[in-house]
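Notes follow the structure.
The values are calculated or read from the model by the stated rules, or taken from the named source; none is laboratory data. All figures in this text were calculated on a predicted structure; none of them were measured in a lab. Cβ: placed from backbone, ideal geometry, glycine included. Neighbour counts: every protein chain shown.
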Amino acid sequence: MHDLNDTILSQKIREESEEAFREIYDRYHIQMYYIAKKYVKDPGLSEDAVQDIFVKLWTKRHKIDERKSIKSFLFTMLRNHVLNMIRDSKTEIISSSGVCEEKMPRKNMTGEEVLYNEYQDILNNGLDELSERKREVFELKMMGGHTNSEIAEMLEINVRTVKTHYYNSSRFIRAYLKNHAGIMFFLISISSLAVIIL
């Protein structure tokens, strides 16, 4: 199997060859792990992401198009998967708003939790209004803590484009929160959503 190219291996995976699947795994799983780690910065989550992608590859093996690069197929699925992991992270709203759970008053937690959840819903709705690329840049910088250079490398765009997307998405989100979340939430969030062009 080691001397077979990706196209032939893709065909064999479609035919349910576990050997071909293992060969593709051996070729790409380490590289995929380090790419995932650039996004999520957590070894365990990175390994989980890679395993999830290979599970998807096997379960969807009959849909593999041998005419297309299986490497590109894997890496595209990985990028989308880790972005969804960042999007679904429980710390998303904390990272975005600058509100720390430890600093929240202990009194009337039920009411605060309701407001907190409402704010998260509004923020998510605002993120949904962004273009896919602007949202990727915003989430990788604000939720993932990545630098402009790291984001440029991940998304295969130049640093100037990253800065532009982040500037525009930050302005939009601040305006969206001001218009939809009310002045109190806006004041909470504006300090952490200030536009920082590094």
Legend entry - Matching residues, segment 1-48, being touching a Leu at 6+ places or on another chain (Cβ under 8 Å) and acidic (Asp, Glu): Glu23
Legend entry - Top-ranked residue of segment 34-85 - restricted to ones that are surrounded by 13 or more Cβ atoms within 10 Å (Cβ to Cβ) and among the small types (Gly, Ala, Ser), ranked as nearest to Glu23 (Cα to Cα): Ser69
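Can Ser46 be described as outside the structural domain of Glu150 (by TED's automatic domain parsing), part of a helix (DSSP H, G or I) and either touching a residue at least 60 places away in the same chain (Cβ under 8 Å) or in contact with a Gly (Cβ under 9 Å, 6 or more places away or on another chain) (or both)?
Values: outside the structural domain of Glu150 (by TED's automatic domain parsing): yes; part of a helix (DSSP H, G or I): yes; either touching a residue at least 60 places away in the same chain (Cβ under 8 Å) or in contact with a Gly (Cβ under 9 Å, 6 or more places away or on another chain) (or both): no.
Considered against the rule, which asks whether it is outside the structural domain of Glu150 (by TED's automatic domain parsing), part of a helix (DSSP H, G or I) and either touching a residue at least 60 places away in the same chain (Cβ under 8 Å) or in contact with a Gly (Cβ under 9 Å, 6 or more places away or on another chain) (or both), Ser46 comes out as no.
Within segment 1-43, track down each residue that is in a helix (DSSP H, G or I) and of a type in the set (A, V, I, L, M). Steps first, please.
Of the residues in segment 1-43, the ones in a helix (DSSP H, G or I) are 6-14, 18-40, 43.
Matches in segment 1-43: Ile8, Leu9, Ile13, Ala20, Ile24, Ile30, Met32, Ile35, Ala36, Val40.
Residue-by-condition table, conditions (1) among the hydrophobic types (A, V, I, L, M, F, W, C); (2) over 20 Å from Met143 (Cα atoms):
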position	(1), (2)
Asp6	no, yes
Ser10	no, yes
Glu15	no, yes
Tyr33	no, no
Tyr39	no, no
Ser46	no, no
Ala49	yes, no
Lys68	no, yes
Phe73	yes, yes
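So, in segment 122-154, exactly how many residues are in contact (Cβ under 8 Å) with a residue 40 or more places away in the chain and assigned to a helix (DSSP H, G or I)?
Residues of segment 122-154 that are in contact (Cβ under 8 Å) with a residue 40 or more places away in the chain, as a first pass: 122-123, 125-127, 129-130, 136, 139-140, 142-148, 150, 153-154.
Filter once more, so that each one left must be assigned to a helix (DSSP H, G or I): 122-123, 125-127, 129, 136, 139-140, 142, 148, 150, 153-154.
Selection size over segment 122-154: 14.
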Legend entry - Single condition Lys37 does not satisfy, out of (1) without any contact (Cβ under 8 Å) to a residue 24 or more places away in the chain; (2) farther than 20 Å from Glu156 by Cα; (3) of a type outside the set (Gly, Ala, Ser); (4) touching a helix residue (DSSP H, G or I) at 6+ places or on another chain (Cβ under 8 Å): (2)
